[in-house]
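Contents: one structure, followed by commentary.
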Amino acid sequence: MDFLLEHLLPQRTGAIATDRKQYGMMASIAGIVTNLLLFAAKLTIGLWSGAVSIIADALNNLSDMGSSVIIMMGFRIASKPADDKHPFGHGRAEYLSGLFVAAAILMVGFELLTSSARKVIYPEAISVDNITLIVLVLSIIGKLMLASFYRAIGRRMESTTVAAAATDSMMDCIATGIVLITMLVYMFYDVNIDGIAGILVACFILYNGWDTMKDTLQPLIGDAPDSDLITDIKKFVLAAPEILGVHDLIIHNYGPGRCFASMHVEMPATLDLLTAHDCIDRLERQLNAKMNLSVTLHIDPVTQNCPEYDRLFVLSSRILASIDESLSFHDFRVVPYKNGQKLIFDLVVPQNFRMSDRQIRKEFHRLLLATNPHDRAVIHMDHQYC
């Protein structure tokens, strides 16, 4: 399938909005044509044979065709440029199209489940011939090819919507295989399990719909950024000699290829302001060019070559490690306070930590006063987003 894509859309990566629209349109058209043909063929033999499982499979293909239309509309909207009302673009429309696809799959699955249950209670005779079997076999082959096509496009686009369509096509192969087995059982053993097979097909459809809905809801609700992207951003910024450390990375996803990020970078407090600003500007431009990422970097000055600062920094590190080794801190600074020092820093607390913010502050102060009775601490609680 990759070979076919190279000839249809050569030298495209799927990362740019125009490329995504082209790939999305190609996937949608392939889905519409394939599912329309399968729907017509299965509905014909289903009505002729009276097999509710075949009719159920035909309606599943009809819903898949509708899903392809929705996907096409989603990619067309997602490719629109930003405007006054949508300054970050329309990229999330691609996720919405996947959500509509999942809802349609669930509705069809529920309808098929109820009709198949009635068929179990009130069974009817069915007719099976070689043409029926041939159509079902060709349907499985066609869906396998479509799934492979979807998977190749989805891999290039890194699209959850197209990946969901690929999974849906594979589930259709299983569902049609169940129908084929049903027909073979009736043909050779004269046992009618049509209604039961219809229920199994409906269950496959419902499972697929629910799974698809979960995948498409995640980016809409706000899922965690890709761990590789987080590592690449931090590694790239830390490679600059002026950068001592990074923290508070936040990534916002406004659709495929539309990511915005902000991060705090630690730089020596003695560094000239213009030099530091030039370094930050350079890193922001390089990240945009290298990762297609719009980044805003914030400078945090770090005190160096100060024995008292270093002593209190090491002391704070030991106290936090004694509370829990998963705790970390940044933006550490020391200011005079009455007869002692005031330690100010941001404390990063893991998700679902065993202690409350108040308990952590209380325990830190207890341990600090045990060795430094004149010092105090101002702790700002911070929580990780990446």
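Quick notes on this one:
- Among residues of the range 243-278 being among the acidic types (Asp, Glu) and surrounded by 17 or more Cβ atoms within 10 Å (Cβ to Cβ), the one that is modelled with the highest pLDDT is GLU266.
- Selection of first residues in the range 57-78 that are closer than 18 Å to LEU220 by Cα and of second residues that are aliphatic (A, V, I, L, M), restricted to Cβ pairs under 6 Å at least 6 apart or on distinct chains, gives the following pairs, ordered by first then second residue: ILE70/VAL101; GLY74/ALA93; ILE77/ALA93; ALA78/ALA93.
- Residue check, GLY195 within 30 Å of VAL128 (Cα to Cα), among the small types (Gly, Ala, Ser) and over 23 Å from the mean Cα position of the chain (by Cα): yes
- For the range 318-338, the criterion of being more than 26 Å from GLN351 (Cα to Cα) and of a type in the set (Gly, Ala, Ser) is satisfied by no residue at all.
- Restricting the range 200-237 to residues that are surrounded by fewer than 18 Cβ atoms within 10 Å (Cβ to Cβ) and β-branched (Val, Ile, Thr), the residue that is farthest from the chain's Cα centre (by Cα): THR231
- Annotation for the range 71-94: no member residue is closer than 24 Å to LEU36 by Cβ and of a type in the set (S, T, N, Q).
- Tally of residues being surrounded by fewer than 12 Cβ atoms within 10 Å (Cβ to Cβ) and in contact with a strand residue (DSSP E or B) (Cβ under 6 Å, 6 or more places away or on another chain) across the range 284-303: 2
Conditions tested, residue by residue: (1) among the polar types (S, T, N, Q); (2) more than 32 Å from the chain's Cα centre (by Cα); (3) closer than 17 Å to ASP382 by Cα.
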{"site": "ARG318", "(1), (2), (3)": "no, yes, no"}
{"site": "SER328", "(1), (2), (3)": "yes, no, yes"}
{"site": "GLN341", "(1), (2), (3)": "yes, yes, no"}
{"site": "ILE344", "(1), (2), (3)": "no, yes, yes"}
{"site": "ASP357", "(1), (2), (3)": "no, no, yes"}
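- Out of ALA152, ALA125, ALA165, ALA103, sole residue that is buried (at least 22 other Cβ atoms within 10 Å of the Cβ) and small (Gly, Ala, Ser): ALA165
- The range 343-359 residues that are on the phi < 0 side of the Ramachandran plot and in a helix (DSSP H, G or I), paired with ones that are at pLDDT 90 or above and surrounded by fewer than 16 Cβ atoms within 10 Å (Cβ to Cβ) (beta carbon under 6 Å, 6 or more apart): ASP357/MET381
The values are calculated or read from the model by the stated rules, or taken from the named source; none is laboratory data. Please read these numbers as outputs of a predicted model, since none were measured by experiment. Cβ coordinates were reconstructed from backbone atoms using ideal geometry, including for glycine residues, and neighbour counts include every protein chain displayed.
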